[in-house]
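Single-structure report; data block below.
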Amino acid sequence: MWFDGTHGMAVGYGNDVLLRDAAAGMWKKEYSPSIETLLSVVGDGSGAFVTVGSRGSLYRWDPTKKVWDSLYQTQLSVLLTAAQLVNPAGTEAWAVGGNKLWHFSGGAWASINIPSQYAYSEATSLGTVDGRVVVGVRTNKTGALLVYFPTMVALADGGMAPAQWVWVPWRDRQIPRGFFGDGAQGYA
């Protein structure tokens with residue numbers, strides 16, 4: 001769900017989305033052309049929205065024409081289980097599926113292998129916090145965070161290390177379902 005106090009959209013499974021009618025001050029059902037489960041939505045603050053689906057398709061809702069435009073004509077052959085759009089233009093997104101982290105940039109999806117030592121049964125959520133990609137995962141009945149640092153990391157000796165992964169286990173029976181944050185502060 002994305003809502004700025006005036007414009008909003010809620011997405012998920014099914015043929016419809018919920019759209020906030022700013023003039024009427026209420027939520028209403030709106031048709032969605034995607035046959036995929038919509039995993040993420042972000043708005044531009046003026047009534048336009050971009051969604052990403054469980055197969056990597058990106059659609060933009062145009063509020064002036066009241067139509068959906070397919071962006072980039074992309075679709076993956078893997079099922080994504082969690083995703084997050086980075087900006088309202090739909091030019092960047094992160095997703096997880098098929099035991100890989102996916103990055104949408106430059107009009108195409110690219111995969112990043114998740115190291116095999118981080119075994120999990122299901123990715124339950126994904127978010128970005130301070131330039132890091134945080135994947136919520138479930139292993140049996142216990143949750144964990146899998147954090148990816150996509151850029152070079154500065155070392156104490158002044159050198160630089162390549163992108164890296166960090167595993168953060170949670171207490172028993174806690175499963176991460178969503179993330180939000182601002183700057184370096186993040187919450188799961």
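The values are calculated or read from the model by the stated rules, or taken from the named source; none is laboratory data. Treat the numbers as computed from the prediction; the structure is a model and nothing was measured. Counting neighbours? That spans all protein chains shown, and the Cβs are built from the backbone with ideal geometry, glycine included. Protein only, heavy atoms only, side chains kept; ligands, DNA and RNA dropped before computing areas. Shrake-Rupley method; radii C 1.70, N 1.55, O 1.52, S 1.80 Å.
Which of (1) part of a loop (DSSP other than H, G, I, E, B); (2) surrounded by fewer than 16 Cβ atoms within 10 Å (Cβ to Cβ) is the odd one out, the single condition Leu76 does not satisfy?
Here Leu76 meets the rest and fails (2).
Give the residue, chosen from Val50, Val41, Val17, that is under 22 Å from Glu92 (Cβ atoms) and in contact with a Pro (Cβ under 7 Å, 6 or more places away or on another chain).
Going through Val50, Val41, Val17 in turn, just one is under 22 Å from Glu92 (Cβ atoms) and in contact with a Pro (Cβ under 7 Å, 6 or more places away or on another chain): Val50.
State yes or no: is Asp62 open to solvent by less than 60 Å² (accessible area, probe 1.4 Å) and of a type in the set (D, E, K, R)?
The answer is yes for Asp62.
Please report, ordered by residue number, the strands (runs of 3 or more DSSP E) entirely within the stretch 84-129 with at least 2 residues that are touching a His at 6+ places or on another chain (Cβ under 8 Å) and either over 18 Å from Ser54 (Cβ atoms) or without any contact (Cβ under 8 Å) to a residue 24 or more places away in the chain (or both).
Passing ranges, in order: 108-113.
Within the stretch 106-124, does at least one residue satisfy the condition of being open to solvent by less than 20 Å² (accessible area, probe 1.4 Å), under 24 Å from His7 (Cβ atoms) and of a type outside the set (Lys, Arg)?
No, the stretch 106-124 contains no residue that is open to solvent by less than 20 Å² (accessible area, probe 1.4 Å), under 24 Å from His7 (Cβ atoms) and of a type outside the set (Lys, Arg).
Starting from residues that are at pLDDT 80 or above and part of a loop (DSSP other than H, G, I, E, B), keep the ones in the stretch 131-172 and report whichever is least open to solvent (accessible area, probe 1.4 Å).
Top of the filtered list is Gly131.
Any residue in the stretch 1-20 that is of a type in the set (Asp, Glu) sitting within a Cβ distance under 9 Å of a residue that is assigned to a loop (DSSP other than H, G, I, E, B)? List the pairs, counting only those 6 or more apart or interchain.
Matching pairs, first to second residue: Asp4/Gly45; Asp16/Ser32.
Conditions: (1) in a loop (DSSP other than H, G, I, E, B); (2) over 17 Å from the mean Cα position of the chain (by Cα). Leu19 meets all but one. Number of the miss?
Single failed check for Leu19: (1).
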